[in-house]
Amino acid sequence: MTPVVLWTDALIFALLAVASAFGWYSRHNPLLRSAWQKVGGSRAGMAALTLLAVFAVVGLLDSLHYRPRLESAGGDGERAVYSGEVLSALDALATGLRSRGEKTYSAPLATHLFARETVERADGTQFRAHPRLRHGGVHLDDPPAQHAADLARRFAAGALSGAAIWMVLAGVVALRLARRESVGLGVTWRRIWRGDTAVAWNAVLATFAALLLVAGPVIFLADAYHVLGTDKVGQDVLYLALKSVRTALVIGTLTTLVMLPFAVALGIMAGYFGGRVDDVIQYLYTTINSIPGVLLIAAAVLMMQVFIDTHAQWFATAAERADARLLALCFILGLTSWTGLCRLLRGEALKLRELDYVQAAQAFGVSQWRIMARHLLPNLMHIVLIAVVMDFSALVLAEAVLSYVGIGVDPNTFSFGTMINAARLELAREPVVWWSLVAAFVFMFVLVLAANLFADAVRDAFDPRIAARVTGADSGVKG
Amino acid sequence: MIAYIVRRILHALPILIGVNLITFALFFVVNTPDDMARMQLGVKRVTPDAIAKWKADRGYDKPLLWNEQAQGSARLTDTIFFRKSVRLFVFDFGRADDGRDIAREITTRMGPSLAIALPTFLLGLYVTVSFALLLVLFRATYFDLWGVVLCVAMMSISSLFYIIGGQYLVSKVWNLVPISGYAEGPDALRFLILPVVISIVGGVGSSTRWYRTIFLEEIGKDYVRTARAKGLGETVVLFRHVLRNALIPILTGVVVVVPLLFMGSLITESFFGIPGLGSDTIDAINAQDFAVVRSMVFLGSVLYIVGLLLTDISYTLVDPRVRFE
Amino acid sequence: MRAHGRLLLIWLVTTLATACGQTWNDPYAAADSGANILYSAFTDRPKHLDPVQSYSEDEAGFNAQIYEPPLQYHYLKRPYTLVPLTAADVPKPVFTDAQGHPVAEDSPRLAFSVFQISIKPGIRYQPHPALAVDGAGKPVYPTLSPEALRGIHAMKDFRHTGTRELVADDYAYQIKRLAHPRLHSPIFGLMSEYIVGLRELAETLRAEDRRMTEQGRAGEWLDLAQYALDGVEVVDRYTYRLRVKGRYRQFPYWLAMSFFAPVPREVDRFHAQPGMAEKNLTLDWYPVGTGPYMLTENNPNSRMVLERNPNFRGETYPSEGQPEDRAGGLLADVGKPLPFIDKVVFTREKEGIPYWNKFQQGYYDASGIASDNFDQAVRISVEGDANVTPDMEKKGIRVETSVATATRYFAFNWLDPVVGGDSERARKLRQAVSVALDWEEFISIFANGRGIAAQGPVAPGIFGHREGREGINAQVYEWENGRPRRKPIAEARRLLAEAGYPGGRDAASGEPLVLYLDTTDRGPGDKSRLDWYRKQFSALGVQLEIRGTDYNRFQDKVRKGAAQMFVWGWNADYPDPENFLFLFQGSQSRARFQGENAANYSNPEFDRLFEQMKHMENGPQRQALIDRMVAILQHDAPWSFGYHPKDYSLRHEWTGNVKPNQMARNGVKYQKIDVDLRTRRRAEWNQPVLWPLAGLALLLVAAVWPLLRSWRRREAMTAT
């Protein structure tokens, strides 16, 4: 295989690097450090962080792309030939989910197709029946009799393995804590249980318990069934949902990442320099702000589309093209959402400018840029951080709405918006096909809820007063 | 005051010019006039002649910015930019690419949009502010805690789910209101109840939380302590003092959107079959009818600027200390 | 707290008050319940109602009830047959030479086909202000001053209306309007090739229009009666003659479309008055016809209403039909005057879910256009008959099917270096893909069986289409158990290997074969379809790259011949094989000549046969020619013949005389409704479920009650 680095992959890893750098920087900055400790002590915050970390792992696995090598055809095999299909580490892990497609809809854990079809007997006569699935529950000889027992067995096995893994995990945490604090394991355990630790380990472990109790059975069941059913063309819904996680994360994080430089630079410059610079920057963001968000996004997305179409030769594979569109969407969303943060930073910079040490630095003749970088920026970091975490959930929700309007991600991209839109029509079916919608709902709800809770914890820890001034970035995109 | 308003309007001009330039650049890069013609003329039997004719009829056969062939000022005015974009400044929206009169369309569609947006806005404001006050009244109790949890949970649900779920349950399973449609006059109520309720429910989470933080911030201030020290009851303090003082931050966030209510809501309107401006905009985006989209962008910007102006004016009404400079 | 309670109460009371006396979810006004009204829906707003400009199906749904061209399709008979509408009979061509002398059909001197059309006397227009005359016979509204127009916003604001008899002049006037410089007729390009003098007339008119603009009279009325059109001659009050270039047997089919409906000169003049267009008082918005209905409310954003034309002449229900029509109850009303229904209300329904649900609740009488949402309602029985699900059957819902005179295809661009051209390699490759694309599966997944896998381009129900064994595409199908069966994928792989791509890899270079599909499917709902295509190609080992673009870009690519493969469709203008086979004519190439041959296929042998087939009368000879042409196409495989979509329309048991007709859109006049049954059923199906409301109220009380108590306690504490 040959690794493929898509643009968003590169940016995601860049983001990871930035985050690590920021983490390292926080350790040595007493203010930030104490704020992070506050976050660590928040039970809701840590539970949310745990969930987000799991989502992030899924997203990161899905960002390690490669093109598989084709088996050599002629035998001479001088030159490796690679498939045009771009896969990710997640695809490799979930090969079973990806490849075991059915013909069309099947309900969660079903053994038969959802709709009746005309089936031909060996003698050529035909009758109507729910045909057996190609993969779901094929190992059963007599599904009606064995189905429930098989499900129960797999569920129990999964739950038990989940519980076992959780115990190991809990043991490791307790051991490390015990060693660090040099107290007995029992004492540590009781402390964790009572929430008597600096980091809310009880929340983390409880979240893991819940996660593992769900994931264990799912993994065991997914081996032989479609846990969340299949969609119209028979793709496993669980797979679709897992693949959608990356898109949501990309939209939620990269959008803010790409807009940050503008927002921060312009906001600080406007506040610090004032005068003409301030006028120009204010003019810029008022103008962009005054254009209805959806329309600006629609126009920009259509333009991107044209650009991608006219430069088709730049993109070797469909994955690259879809990726370009995803990235473009991030840029465009960023373009429309930087104004809020910019205004906020301008206001803060305006205040900071008057502070003694900044005045002193000016008096000493320190260069303007240096003052901004060394004295203003660090003191505005917490606002930036809060804006980033608070924007995340709004952006994930915005993606779904934009996809509805037809200006969202490429149809080749898995995303919650695509899922909801496809599922929307399924509700009108009789009987109702509910699983895609429910799957999208649950995944999205958990992700956004975790993001919101984490954002709250971060905000409370860094600057509780700022909430009243941050009104969210999504006002333009809201339906 | 009038001088102030006039000055503000003059300030708005450069912004509108900027909006105009941005949209013009965006839309004419996206779609050449040829594309527009083909889009409108359909699939079957489209000849180059027909395209040329379509363009000529709608004035898309002119050069974009500078007309070499024309004389004098016509060099500037006889261009697509002048005819299609600059004319928006006098609210001359012209005709849509499919031939409709956009101004007429806007005036007829404004009513239904307002019919849904105004009750949503007012009732929503009423419900969320009351709920937030209630949470603050019972702050640091289980009610407050669970109320906030409920809010966070509600704002984590995509608006699409509220609409899809609400329509499915209320209209389909329970047969309580018509699924979609619109009627003029008092009959409209039956059609409006569901979309209004759903829109309010969809927005209640984030707004309540926002108001709650504002109230909490206000409640920690000195004057509240003074009021309490005077022996005023908690309810009186909350409703008389806190609410009034919290009006300024609330107004900042709220008044700006009032004029934009005219634009309607894109998704609610299409789902519920309400013939407002929002659903028209969606149609225009899908049909790539850029004449309409351009007009809506311009209208939206104008309304936004009006909203900013209204915000400033409303400050003076609630807070006499603020003066026009 | 009290305020909340009051609000809830007000809400409940108002809901109850408005819902009183009817089901709560009835989307129509209470006054209309029990009236003889047909309820239907439309999705896209009609753009044009001017008969010269309108071409889309949605618009035809309205226009066909209002306008009456000389001919129409028989409502019941199949295959589709032309019958007179306002004409006395279906015109037969008379062939002449350049000087106008009659010649035999096969004469080399043949220059023109002449059609003489006589219309029935006594047909009258709907009441309209343009036709209003005073006692002296002068028009009431000859010149409208701005003052007179002040209070007028819609056509119904004019106080006086009038009518007059339909005359041949009106038809001639409309045909001239095809060449009108200010109107865009989609068929002008085509018709100017046929109708003698139409192109010249267009040039004259364009020059005149330019002259008027230069004189500062832009937009003033252009009286077409003052310009002659060579090809149209009004013989007397009720007769006119059309002269068409060459031999064109298919021409009468065009005479069944609203392009050839009558438009009175008075109406044209009326609308051309200054100030009218500004107020949107145009023919494009307010159609004027002689048909059974007239448009009385035009609000394309939400509602269109047709009402019975009081001056309608009393056409009667047809007396003949197919043998099965008698059993189907379609011949119960023979000879009764049309129309049966007083009013038709079309409601705009953009989203599928509300549309479908309202139909199920009984608020739409029929599902009109078959849409994706109706998939699950219909099941195909063993015999291949369509049926509704048991639940729906209990509700009395019926299904009507008809195969559309249309085809959906997967085209290979003939100009493409990989898949196109006349080489054996490319042909094998195309054949392999044709076998691999399992259209039967496509139909069953995406159309729920609503379609017939195509064996060739000609749709069923049209002359030239072959059923059964001799009709199958031998390159792709085998005949087995009395049914065509798609060849196994191994066959496709073999063909691919023969084409030089064993296992989907170029035998020479070892590179994987990558093919490109251009599509306009890029909405989120289209993803599953794209996945399906990819799945089909991966079964061959070929990688499919899908390029989703917007509609314009797609068209542009196809027009430039830059698209490698694409999926497209064709809806027949008229039921003649010529209208399908011309899609392969070399001279129709899209990339070379901007024609309708989007695949740019070219084969001299095919073209030669086409010219021969084109003007023949239907018969064994023509069939033989068509068979040969189709065989050529099957072998060359410029298309993977996709499928002919089937239209399933669902209707409730209270509707009657419904028979889907693919060619004619003017079927409303034949339909009838059992209003009492409908009222009963609606009431039965839509009983409001009230417990959720009660539950909600209880929940509120349960939440508020403890709060109230704790608040009281607290207030009491601060007071002490």
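The values are calculated or read from the model by the stated rules, or taken from the named source; none is laboratory data. Note that the coordinates shown come from a computational prediction; the quantities given were computed from them, not determined experimentally. Note that we place each Cβ from the backbone using ideal geometry, even for glycine, and neighbour counts take in every protein chain shown.
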*Being surrounded by 23 or more Cβ atoms within 10 Å (Cβ to Cβ), in contact with a helix residue (DSSP H, G or I) (Cβ under 8 Å, 6 or more places away or on another chain) and either over 30 Å from B:Ala284 (Cβ atoms) or at the interface with chain C (Cβ under 10 Å from one of its Cβ atoms) (or both), is that true of even one residue in segment A:356-368?*
no
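Matching residues to (1) crowded, with 23+ Cβ neighbours inside 10 Å; (2) in contact with a helix residue (DSSP H, G or I) (Cβ under 9 Å, 6 or more places away or on another chain); (3) outside the structural domain of A:Leu355 (by TED's automatic domain parsing); (4) modelled with pLDDT under 90:
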{"site": "A:Ser244", "(1), (2), (3), (4)": "yes, yes, no, no"}
{"site": "A:Ile251", "(1), (2), (3), (4)": "yes, yes, no, no"}
{"site": "A:Val258", "(1), (2), (3), (4)": "no, yes, no, yes"}
{"site": "A:Ala270", "(1), (2), (3), (4)": "yes, yes, no, no"}
{"site": "A:Val277", "(1), (2), (3), (4)": "no, yes, no, no"}
{"site": "A:Pro292", "(1), (2), (3), (4)": "yes, yes, no, yes"}
{"site": "A:Leu295", "(1), (2), (3), (4)": "yes, yes, no, yes"}
{"site": "A:Phe307", "(1), (2), (3), (4)": "no, yes, no, yes"}
_Residue count, segment C:101-153 (criterion: out of contact with any strand residue (DSSP E or B) (no Cβ under 8 Å at 6 or more places or on another chain) and within 25 Å of C:Val196 (Cα to Cα))_ = 4
*A:Asp410 being acidic (Asp, Glu), touching a residue at least 24 places away in the same chain (Cβ under 8 Å), within 28 Å of A:Ala328 (Cβ to Cβ) and at the interface with another protein chain (Cβ under 9 Å from one of its Cβ atoms)*: yes
*Being modelled with pLDDT under 90 and part of a loop (DSSP other than H, G, I, E, B) narrows it down to one of C:Gly151, C:Gly189, so name that one.*
C:Gly151
*Pick from segment B:261-273 the residues that are surrounded by fewer than 24 Cβ atoms within 10 Å (Cβ to Cβ) and away from chain A (no Cβ under 11 Å): which of them is modelled with the highest pLDDT?*
B:Leu261
*Name the pairs whose Cβ atoms lie under 8 Å apart, with the first residue in segment C:595-624 and farther than 11 Å from C:Phe584 by Cβ, the second hydroxyl-bearing (Ser, Thr, Tyr) and surrounded by 12 or more Cβ atoms within 10 Å (Cβ to Cβ), and 6 or more positions between them or separate chains?*
C:His615/C:Tyr248
*State all residues of segment C:99-137 that are touching a residue at least 40 places away in the same chain (Cβ under 8 Å) and polar (S, T, N, Q); if no residue qualifies, say none.*
C:Ser113, C:Gln116, C:Ser118, C:Gln126
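This table checks each residue for (1) touching a helix residue (DSSP H, G or I) at 6+ places or on another chain (Cβ under 8 Å); (2) closer than 25 Å to B:Ile282 by Cα; (3) in a helix (DSSP H, G or I).
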position: B:Arg104; (1), (2), (3): no, yes, yes
position: B:Met110; (1), (2), (3): yes, yes, yes
position: B:Thr120; (1), (2), (3): yes, yes, yes
position: B:Leu123; (1), (2), (3): yes, no, yes
position: B:Ala132; (1), (2), (3): yes, no, yes
position: B:Arg139; (1), (2), (3): yes, no, no
position: B:Val152; (1), (2), (3): yes, no, yes
position: B:Ile157; (1), (2), (3): yes, yes, no
*Criterion: under 27 Å from the mean Cα position of the chain (by Cα), surrounded by 14 or more Cβ atoms within 10 Å (Cβ to Cβ) and farther than 19 Å from C:Pro127 by Cα - qualifying residue of C:Pro274, C:Pro292, C:Pro318*: C:Pro318
*Restricting to segment B:72-128, what's the tally of residues that are within 14 Å of chain C (Cβ to nearest Cβ) and among the small types (Gly, Ala, Ser)?*
8
*Look at C:Ala664 and say whether it is outside the structural domain of C:Arg427 (by TED's automatic domain parsing) and among the hydrophobic types (A, V, I, L, M, F, W, C).*
yes
*Cβ pairs under 6 Å, 6+ apart, first in segment C:245-257 and in contact (Cβ under 8 Å) with a residue 24 or more places away in the chain, second small (Gly, Ala, Ser) and assigned to a loop (DSSP other than H, G, I, E, B)*: none
*In the set C:Arg199, C:Arg243, which member is within 14 Å of chain B (Cβ to nearest Cβ), over 29 Å from C:Tyr141 (Cα atoms) and at pLDDT 90 or above?*
C:Arg199
_With out of contact with any Phe, Trp or Tyr (no Cβ under 9 Å at 6 or more places or on another chain) and more than 12 Å from chain B (Cβ to nearest Cβ) as the only criterion, which of C:Leu540, C:Leu609, C:Leu581, C:Leu544 stands out?_
C:Leu609
*Which of the residues that make up segment A:159-205 are touching a Lys or Arg at 6+ places or on another chain (Cβ under 9 Å), within 16 Å of A:Gly41 (Cβ to Cβ) and surrounded by fewer than 17 Cβ atoms within 10 Å (Cβ to Cβ)?*
A:Glu181, A:Gly195, A:Asp196
*Output the residues belonging to segment C:337-356 that are under 20 Å from C:Val658 (Cα atoms) and of a type in the set (Lys, Arg).*
C:Lys343
*Is it the case that segment C:509-516 has a residue that's at pLDDT 85 or above and more than 9 Å from every other protein chain (Cβ to nearest Cβ)?*
yes
*Hits in segment C:628-661 (condition: among the β-branched types (Val, Ile, Thr) and part of a helix (DSSP H, G or I))*: C:Val630, C:Ile632
*Please go through segment C:118-139 and pick out each residue that is among the hydrophobic types (A, V, I, L, M, F, W, C) and either closer than 14 Å to C:Glu266 by Cβ or in a helix (DSSP H, G or I) (or both).*
C:Ala130, C:Leu131, C:Ala132, C:Val133
_Residues of segment C:686-710 classified as within 7 Å of chain B (Cβ to nearest Cβ) and assigned to a helix (DSSP H, G or I), total_ = 2
*Hey, among C:Lys614, C:Lys646, which residue is away from chain B (no Cβ under 14 Å) and touching a strand residue (DSSP E or B) at 6+ places or on another chain (Cβ under 8 Å)?*
C:Lys646
*Of the numbered conditions (1) under 23 Å from B:His11 (Cβ atoms); (2) aromatic (Phe, Trp, Tyr); (3) under 24 Å from the mean Cα position of the chain (by Cα), A:Tyr285 fails exactly one; give the number of that condition.*
(3)
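Matching residues to (1) farther than 27 Å from A:Asp323 by Cα; (2) away from chain C (no Cβ under 14 Å); (3) assigned to a helix (DSSP H, G or I):
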position	(1), (2), (3)
A:Leu395	no, yes, yes
A:Ala398	no, yes, yes
A:Thr418	no, no, yes
A:Ala423	no, no, yes
A:Val432	yes, no, no
A:Phe443	no, yes, yes
A:Val446	no, yes, yes
A:Ala451	no, yes, yes
*Out of A:Ile251, A:Ile288, which single residue is touching a Ser or Thr at 6+ places or on another chain (Cβ under 7 Å) and within 14 Å of chain B (Cβ to nearest Cβ)?*
A:Ile288
*Could you tell me whether B:Leu189 is free of Cβ contacts under 8 Å to residues at least 12 places away in the same chain and within 22 Å of the chain's Cα centre (by Cα)?*
yes
*Does B:Gly276 satisfy being modelled with pLDDT of 85 or more and within 14 Å of chain A (Cβ to nearest Cβ)?*
yes
